[in-house]
Amino acid sequence: MFNDILTMRINEELDKSKKKQVYNNIKTIQSPQGRYITINNQKFLNLCSNNYLGLANDKDIIKSAIESISKYGIGNGAVRSISGTMQIHLDFESRLAHFKGVQDVLVVQSGYQANVTLLPTIISDNDCIISDELNHASIIDAIKLSKGKKYIYKHKDIDDLEKQIKIAEEEIEGIKLIITDGVFSMDGDIADLKEIVKLKKKYANIYIAVDDAHGEGVLGKHGRGLVDHLSVQNDIDFEIGTLSKAFGIAGGFIGGKKEVIDYLRQRSRPFLFSTGLDIAMCGAGIKAIDILEGNDDLINKLWMNTIYFQKKLIDLGFDLGNTQTPITPIITKSESKATIMSQKLFEQNILVSPIIYPTVPKNTGRIRLMISAKHTKKDLDNAIEIITKIGQELELI
Ligand SMILES: Cc1ncc(COP(=O)(O)O)c(C=O)c1O
C-alpha cells in the first residue's frame, strides 16, 4: 500500500465516488458496436451509442480502412508538419471539404482535438470567446487553453448572448468568437444559428464557430450537418465536427476559409506537435462520405425511428425535455431515479446512460437514450414496454 500524498488524495477521491455511488464501473464491450452489443457474455440492446447510422461496423468502411493501410502502412511516422502528411490525408480533407461545402478542412485525431486545435490558435489576448453555458467539455477546455477572455451566455438565450456581446465590446478590442454546439449532446436541442447570425450582422468583428458533433450525418442534405440544415453556410466561419458519431469511426475536423485552415497547419500546436489522424481512419472516412452521399436511406430510417420512439414516450407521459434530434433524454429530475432507472434497464438487458450532476445541472437528472438507424420497430417496442414498467415503478408517469 502506497501512502504518499498523491496516492492518499486519489484514494480518498475514489472512495468518495464509490460512497456516493457515482464511481463509473466502465463496461467492456465484447462485440462490435451494433444495435445489440455483448457485455459479460450477454446480449444487450444498445440505446447508448453515438453510432447513429450503424456505420461503426460497416463492411464497406472496414474494407476501405484495410485498403488504405495496405497501401500506406499503419503508421504516419511523424507529425504532419514534418513527414507525416500522407496523400490520403489530403484526399480525405478535400473530400470532406466538398461534402461540407467549405473552402478547406483540416482533419485531426478527434472532435475534442478539433476544438483544442482551433480556439487557442486563432484567439489572441485582445480577443474573446463567447460560449453557450451548455457547450461541450472540449470547447470549455479549448477556451481554457486560449489566451482570450471568456464570456458565457445562458443556454440558447439570444438576449443574454447580445448582452455578453455588448459587455465584450466595452472590454475587448479584437475579435469576438461566438461558439456553440450545433446539437447539444445532453438535451438534443439545436442551436438557434439564424438568430446568432443576426447578431453577427449587427455588431462588428464577430465570428461564429459551430461544433456540430451530433449534427454531422444526422441533419442537413445527405447529413451535412446543422449549418446546411439551416442554410447559414455563408455566415458561419468555422465548422467543427467529429467522425466518432454518425460517421462511425474516429477523428475530428475543422472546416473554414482556406487561409484559416492553412494558418492552422502552420501554427496550431496540436497539429505541429502531435501525430495526425490514422491512415485507416482517412480511408474509412472517405467511404463513410461515399455512403452518406450515395443515398439517404440510413438518415431517413434514423429519423423514422426517432419520431416513432419519441412520440410513443411522449404519449405515455414521459418528459423528453426539449429534444429536436435522435438524442432522447427521459428527464427524471432526481439523480437517484436516473441511476436506478439505468440499473433496472441494465438488469433487463438494455444499455442506457444515466446523466446526472455535474454533467447536467442539479435536479435535472435523466437517462439518455440514443436512437440508431439500425434499431428495428421490435427493438424499440420492446424497449418502450420495459421503460414504461420502470417509469411507472419510479412514478415518472
Ligand atoms: C459537441 C461535441 N464536441 C466534441 C466532442 C468530442 O468528440 P470526440 O469523441 O471525437 O473527441 C463531442 C463528443 O461527445 C461533442 O458532443
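For the pairs K287/K374; K18/K333; K221/K312, note any where the Cα-Cα span goes beyond 24 Å. Correct reply: K221/K312. Surface composition of the chain: carbon plus sulfur atoms hold 51% of the accessible area, using a 1.4 angstrom probe and ignoring ligands, DNA and RNA.
Largest first, the residues T306, T359 sort by 1.4 Å accessible area into T359, T306. Per-residue extension of 0.36 nm, minus the Cα-Cα distance of N295 and K258, leaves a gain of 10.4 nm for this segment. Just checking the listed ones, P326, P358, P120: in the Gaussian network model of the chain with Cα springs under 10 Å, the one fluctuating most is P358.
The share of alpha-carbon pairs in the stretch 160-284 lying farther apart than 16 Å comes to 67%. Averaged over its residues, the chain has an accessible area of 48 Å² per residue, based on protein heavy atoms and a 1.4 Å probe.
Ordering A213, L272, I240 by Cα displacement along the dipole of the stretch 59-294 toward the positive end leaves L272 in first place; charges were set at the Cβ atoms of Lys, Arg (+1) and Asp, Glu (-1).
Both radii are taken from the alpha-carbon atoms of the stretch 323-397; with Rh as the Kirkwood radius, Rg/Rh is 0.96. Once the C-beta distance of N322 and Q30 is scaled by a Förster radius of 35 Å, the resulting FRET efficiency is 0.45 to the nearest 0.05.
Of the three principal axes defined by the Cα atoms of the stretch 1-133, the extents in descending order read 51, 51, 34 Å. How would you classify the stretch 223-276 from its alpha-carbon gyration tensor, with a ≥ b ≥ c the square roots of the eigenvalues: rounded for a/c under 1.5, else prolate if a/b is greater than b/c, otherwise oblate? In terms of gyration-tensor shape, oblate. Dipole magnitude for the stretch 59-294: computed about the Cα centre from +1 point charges on Lys and Arg Cβ and -1 point charges on Asp and Glu Cβ, it is near 560 debye.
The GNM of the chain, with springs linking C-alpha atoms under 10 angstrom apart, assigns the highest mean-square fluctuation among K147, K18, K221 to K18. Shown is the FRET efficiency for H98 and K63, computed with R0 = 25 Å from the Cβ-Cβ distance and rounded to the nearest 0.05: 0.70. Between the amide H of K257 and any residue lying 5 or more places away or on another chain, no distance stays under 5 Å, with hydrogens modeled in the peptide plane. Over all pairs of different C-alpha atoms, the chain has a mean inverse distance whose reciprocal, the Kirkwood radius, equals 22.3 Å. In this simple spin-label model, placing a label point 7 Å from the Cα along the Cα-to-Cβ direction at both S334 and E347 gives a separation of 1.6 nm. Restriction of the GluC sites (Glu not before Pro) in the stretch 302-397 to DSSP coil positions whose beta-carbon has at most 14 other beta-carbons within 10 angstrom yields E395. Give the residue from I130, T328, T180 lying farthest towards the positive end of the charge dipole for the chain; charges sit on Cβ (+1 for Lys and Arg, -1 for Asp and Glu) and the dipole is referred to the Cα centre. Towards the positive end, the residue furthest out is T328. Reported value for the stretch 59-294: 105 Å³ per residue, from the convex hull of its C-alpha atoms.
The values are calculated or read from the model by the stated rules, or taken from the named source; none is laboratory data. Quantities reported herein were computed from a predicted structural model and do not represent experimental measurements. As a convention, Cβ positions derive from the backbone with ideal geometry for all residues, glycine included, and neighbour counts pool all protein chains shown. For the accessible areas, the whole protein counts, side chains as well, though only heavy atoms, and no ligand, DNA or RNA atoms are used. Shrake-Rupley method; radii C 1.70, N 1.55, O 1.52, S 1.80 Å.
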